[in-house]
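The values are calculated or read from the model by the stated rules, or taken from the named source; none is laboratory data. From a predicted model like this one, the values you see are computed outputs, not experimental measurements. Please note: Cβ atoms are built from the backbone with ideal geometry, for glycine as well, and neighbour counts cover all protein chains shown.
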Amino acid sequence: MTRVLIVDDQSLIRQAVADILTDQGIVVAGQAVDGADAVRQARGLRPDVVVMDIRMPDMDGIEATTLICADEELADTRVLILTTFEEDEYVFAALRAGASGFIGKGSEPEEITRAVRAVHAGDALLSPAATRSVITRYVGMPAQRDLQAIPELTGLTERETEVLVLVGRGHSNQEIADELVISPHTAKTHVNRVMAKLHAHDRAQLVIVAYESGLLVPGG
């Protein structure tokens, strides 16, 4: 059973999201009105997923996401950004803060539900608009690899580097297993090791690392 904390300064949006998720069997453990409230409630409720708005008074969603994702006692809690702002600035700030997903408020109810479940399952999820922001950000970047830019990359084995590239391309564990001719369990183990070595909260951050290091380039 997935337990969710909904964070938004607008009560109508909080209730609308709560109704959508409840109708699909997802438990709404609580609702928070701003980032500071979100951090307090997350620490008390230990939800599986925090559905987080970005622009809020006092403490915004980026700062709240940073605090939640840095809290060792909330290591199993994932953050899904649900916002009207899907521009580069917000996408990258949210991902670097530790968010596992990014989806627009204009999404269909089933898309929001699917996003919550995907993030709870440990998958990275970006809306089409957010994905375009990621790709556009790196168009025109040099194609050469600069592994020294992220020192932890030098500690990856050749196989782990291959896995990082496949995660960056959006592959699931099953797809990685098929590509490398290994078992899904082994693929999952490799992904977990890469995340540990790179101090990544989840797969979404691995996507950013793959691009920033030059291991992946748009269209490559």
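Flag not set for THR157, criterion: over 21 Å from GLY214 (Cα atoms), of a type in the set (S, T, N, Q) and modelled with pLDDT of 90 or more. Please specify each residue of segment 152-197 satisfying the condition of being polar (S, T, N, Q), assigned to a helix (DSSP H, G or I) and either touching a helix residue (DSSP H, G or I) at 6+ places or on another chain (Cβ under 9 Å) or crowded, with 16+ Cβ neighbours inside 10 Å (or both). The answer is THR154, THR161, ASN173, GLN174, THR186. Is there any pair with a first residue in segment 34-48 that is closer than 15 Å to THR66 by Cα and a second that is charged (D, E, K, R) whose Cβ atoms are under 6 Å apart and which are 6 or more apart or on different chains, and what are they? Close Cβ pairs satisfying both conditions: ASP34/ASP9; ASP34/ASP58; GLY35/ASP60; GLY35/GLU63; ALA36/ASP58.
Remark: pairs (first residue in segment 10-26, under 15 Å from SER107 (Cα atoms); second residue assigned to a helix (DSSP H, G or I); Cβ separation under 8 Å; 6+ apart in sequence or on different chains) = VAL17/ILE112; ILE20/PRO109; ILE20/ILE112; ILE20/THR113; LEU21/ILE112; LEU21/THR113; LEU21/VAL116.
Conditions tested, residue by residue: (1) surrounded by 20 or more Cβ atoms within 10 Å (Cβ to Cβ); (2) in contact with a helix residue (DSSP H, G or I) (Cβ under 7 Å, 6 or more places away or on another chain).
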position	(1), (2)
ALA29	no, yes
ASP34	no, no
ALA38	yes, yes
ALA42	yes, yes
PRO47	yes, no
ASP53	yes, yes
MET56	yes, yes
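I want to confirm something. Restricting to segment 72-92 and keeping residues that are out of contact with any Asp or Glu (no Cβ under 7 Å at 6 or more places or on another chain) and of a type in the set (Ser, Thr, Tyr), which single residue is modelled with the highest pLDDT? In this case the residue turns out to be THR84.
Say whether the condition of being at pLDDT below 85, in contact with a helix residue (DSSP H, G or I) (Cβ under 6 Å, 6 or more places away or on another chain), crowded, with 20+ Cβ neighbours inside 10 Å and assigned to a loop (DSSP other than H, G, I, E, B) is met by at least one residue in segment 126-138. No, the conditions are met nowhere in segment 126-138.
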